[in-house]
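These notes are about the structure you will find just below.
Please treat every number below as a calculation from the coordinates, not as lab data. Given the structure is predicted, the values throughout are model-derived calculations rather than measurements. Glycine also receives a Cβ, built like all others from the backbone with ideal geometry; neighbour counts cover every protein chain displayed.
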Amino acid sequence: MAIADVKEYTHLSEEEVEQLGRELDAIRAEVEESRCDADAAYINRMITVQRGLAAAGRVTLLAGLQSKRTRTPAWIAGAGMLGLAKILENMEIGHNVMHGQWDWMNDPEIHSSNWEWDTAQPAEQWKHSHNYIHHQFTNVLGFDNDIGYGVLRMAREQKWHPVYLGQPVFNALLAGLFQWGVALHDLDLEAIRKGTKDPVEMKRQLRQIARKGRNQVLKDYVVYPALSGRQWKATLKANATANLARNLWAYMIIFCGHFPDGALHFTEEELEDETRAEWYLRQMLGSANFEGGRLLHILSGSLGFQIEHHLFPDLPSNRYPEIAVKVQALCEKYDIPYTTGPLHRQYGQALRTIMKLSLPNSMTSSDKPEPPSPSVDRRRRTDDERPRRRTETGGYYRSQTA
Amino acid sequence: MASSTIAWDRIRDAGSKLTTPLHPDDYLRLLNPLWSQRELRGRVEQVIPETDDAATLVIRPGWGWRYDHRPGQYVGIGVQVNGKFQWRSYSVSSPPRRRGRTISITVRAMPEGKLSAHLVSGLEPGTIVRLALPAGDFVLPDPPPAKMLFLVGGSGITPVMAMVRTMDRRGSMPDVVLHYSSPTPERMIFRDELDRLENAYDELTVHRLHTDTDGMLELADLDTICPDWRERETWACGPGPMLDAISEHFEAAGLEDSLHVERFSLKLGEDGGEGGTITFRTSGRTAEADGATTVLEAGEAAGVGMPFGCRMGICHTCTLTLVDGRIRDLRNGDEFDQPNEQVQTCVTVPVGDCTFDI
């Protein structure tokens, strides 16, 4: 069931919700004031490790593939290091830097305004589709384009159509080609299909994607293979493997953020007159964490702390573990669900929902607590139709030129 | 030399096909922090104590630095303190050398200045700092005028020292009178070097005034200290009140055209400093803003393509570089006036005139 009003969904009074908001504001203020050398050292170390891995991976492939004796171990090690570097860059570094988590350092080289990440989507388009659309309108049907990414049916409220029978296949394609799916996300294919997209804006976006995508493809599939001489095929395969590994990993982590069973959907009525505290509450009820060790959290860009990330998208990611302790205490105090579980269970629930919702509602049962409300056909909103107001970190702007 | 530099730049540009979306410099700086042109930077090679509260930092700039500053100019220096880059400007005290390897800046620890104290006593050799290109028009003309007068107070000696050293290095000292005020002899930066230069050149006269015992410079005394001051081109650098008095004195004599002044501290507007003219440097536009109009609103009204996001100080999309001037954060009244400060334009208003890099 989609919730029209989070406040009424929970048992909390208006005053209690506002009190919760104040307590969350206090957590934010405390972290903001205590940002220091150690935090700066964390992101700098992460960047050093990531670039070191990327360089080592490339060099291992270029040199190690040349001799027959070292070929197999070099291929495995090179592809592994490269894949790891891409994962770290996209998840813990790129995604978080672009949220502005490190802008406080006043360091122009680690800043949301000019970070460009190692994936096909131009940073500018990501900051619009993710920082603004997804983080401000999290899980609101018809507003948050991340509910199924315009490809999958992820909520029972989304009207069923026979085309969704192909959902298991679309899902597999999306997982394998994730970086290209993300690259096209901000274009809004639905608007293009219906002819409502501004053609000038579409051309500008396509030019940006083409330029960024071309450089990415040239690097991994032309330049490095060419430098490998006779071993070009092995290098090409290793690079493709690294990209595929990153795609699958990023896909899985991201699907664990809002699709496990505890994460709720909302209707647009909720957006009307939503206070800051209610926005906080919507983030908490709409997100799901997963459990794991420090390494797993770093590799997943700290998105195992999805709830904390959605409450404070622009606080440094290395602080999420300590914030999580406080947020859990608040959830207990106010008796609000805090959705978490092991990674395999969280992803398993998301995958099961994908499979189930390929069928009409009448043939499946709901896994959410309440029975489904009537189906509504919801289209994507344009920016003009969206309320422009508080966005808890969502930096985006359109450059004047392409 | 020049052609090999261009070839090297070409190689690095070609290398960006391998490192896209990053630049090869982003990897090279892992080998040596100075091997990057992404941002100007330098390594502190030496910290030389000058007095109890002042020190000269010898900095080796990295790639992209040209040693062609004009004597008297200042550079911006950015130091990471508690994770955050803090920027200040200091005069370069070393003379320009085309084949130089280092630049020197001389810093005095100010009583309220956390950063200057950190620079004087807390900076280890080896620290990487950021640099901004030399700027300022308080410079030695080339060739220098035949008769010069320098009126300096305290650490105002630093840009003047760059000029005197330049003339010394060229071995051609014109007729120079230097009046140097300092609270005590011990606090006089470059005291020994000035003694040596004064002995070496008949053309150089140095007047020392110790203001703790002998009081401030009375400009009426200028007629006895330097009777021909009206014929000299004059450079003045020091505390604000001293410069105000000198400016008034020269204006009264109708000589303001022969006076060059360098101020260390920002002068606030007469009305307490709310609102002002905002200059958007790259787009070449200006806007008038009162104390309630944010920089973002003013820029949009002037037709500047301002980046924006939430418009309430959360998302940091609107962040721009404050090149010059002072702004106030409407949320808490904090004021920011560091050159190169990154500020959120949607929640800040100008306090006096300011310039943004957009």
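Hey, which of these cross-link pairs are over 29 Å Cα-Cα: A:Lys127/A:Lys219; A:Lys127/A:Lys356; A:Lys127/B:Lys17?
A:Lys127/A:Lys356
Can you tell me the Rg and the Dmax, both Å, for the Cα atoms in chain B?
Cα only, chain B: 22.4, 69 Å (Rg, Dmax).
Please report, in cubic angstrom per residue, the volume enclosed by the convex hull of the alpha-carbon atoms of segment B:32-135.
98 Å³
Sticking with the crude label model, points 7 Å out along Cα→Cβ, report the distance from A:Arg22 to A:Lys333 in nm, one decimal please.
Taking the simple label geometry, A:Arg22 and A:Lys333 are separated by 1.1 nm.
Applying a 10 Å radius around every beta-carbon, put B:292-301, B:219-228, B:107-116 in order of their mean neighbour count, most first.
B:292-301, B:107-116, B:219-228
Neighbouring Cβ atoms within 10 Å as the yardstick, rank B:Ser181, B:Ser89 fewest first.
Lowest count first: B:Ser89, B:Ser181.
With charges set only on the Cβ (+1 for Lys and Arg, -1 for Asp and Glu), what does the dipole of chain A come to about its Cα centre, in debye to the nearest 20?
Charge dipole, chain A, about its Cα centre: 3080 debye, nearest 20.
As I understand it, the dipole of segment B:1-73 uses +1 on the Cβ of Lys and Arg and -1 on the Cβ of Asp and Glu, about the Cα centre. Which of B:His69, B:Pro33, B:Ala54 lies farthest toward its positive end?
Final value for the positive-end residue is B:Pro33.
Would you mind working out the magnitude of the charge dipole of segment B:145-277 relative to its Cα centre, with +1 at each Lys and Arg C-beta and -1 at each Asp and Glu C-beta, to the nearest 20 Debye?
Approximately 580 debye in magnitude.
By count of other Cβ within 10 Å, fewest leading, how are B:Leu18, B:Leu320 ordered?
B:Leu18, B:Leu320
What is the mean projected area of the alpha carbon convex hull for segment B:147-263, to one decimal in square nanometres?
In nm², the orientation-averaged hull projection of segment B:147-263 is 6.8.
Can you tell me which lysines have their Cα less than 30 Å from the Cα of A:Lys333? Leave out same-chain residues fewer than eight positions away.
The qualifying lysines are A:Lys7, A:Lys368.
Convex hull over the alpha-carbon atoms of segment A:162-227: what's its volume per residue in Å³?
93 Å³
Under a straight-distance cross-link criterion of Cα-Cα below 18 Å, which lysines are reachable from A:Lys68, leaving out those fewer than 8 residues away in the same chain?
Excluding near neighbours in sequence, the set is A:Lys233, A:Lys237.
Under the 0.36 nm per residue contour assumption, what length would be gained going from the current alpha-carbon distance of A:Leu173 and A:Lys68 to full extension?
34.3 nm
Order these peptides, A:313-322, B:77-86, by their mean beta-carbon neighbour count within 10 angstrom, highest first.
By packing density, highest mean first, the sequence is A:313-322, B:77-86.
Could you give the Stokes-Einstein D for segment B:276-356 in µm² per second, using the C-alpha Kirkwood radius, 25 °C, 0.890 mPa s?
204 µm²/s
Label 7 Å along Cα→Cβ of A:Leu218; segment A:174-208 residues with amide nitrogen under 17 Å?
Within reach of a label on A:Leu218, which here means backbone N under 17 Å from a point 7 Å along Cα→Cβ, segment A:174-208 contributes A:207-208.
To the nearest 0.05, how large is the calculated FRET efficiency for B:Ala117 and B:Arg263 if R₀ is 25 Å and r is the Cβ-Cβ distance?
0.75
Could you list log10 I(q)/I(0) for the protein assembly as shown at q = 0.05 Å⁻¹, which the Debye formula gives when each Cα is one point scatterer?
Values returned for q = 0.05 Å⁻¹ are -0.33.
Within segment A:42-83, what residues put their amide N at less than 17 Å from the label point 7 Å along the Cα-to-Cβ vector of B:Leu18?
It comes to A:51-66, A:78-79, A:82, nothing else.
What length, rounded to one decimal in nm, is gained on full extension from B:His210 through to B:Ala292, with 0.36 nm per residue of separation minus their alpha-carbon distance?
My answer for the length gained is 24.9 nm.
Kirkwood Rh over alpha-carbon pairs of chain A, then Stokes-Einstein at 4 °C and 1.567 mPa s: what D in µm² s⁻¹, rounded to an integer?
For the chosen part, D equals 58 µm²/s.
Which aspartates and glutamates, if any, have their Cα less than 18 Å from the Cα of B:Lys114, not counting same-chain residues under 8 positions apart?
Leaving aside aspartates and glutamates fewer than 8 places away in the same chain, those within reach of B:Lys114 are A:Glu33, A:Asp37, B:Asp52, B:Asp53, B:Glu124, B:Asp334, B:Glu335, B:Asp337, B:Glu341.
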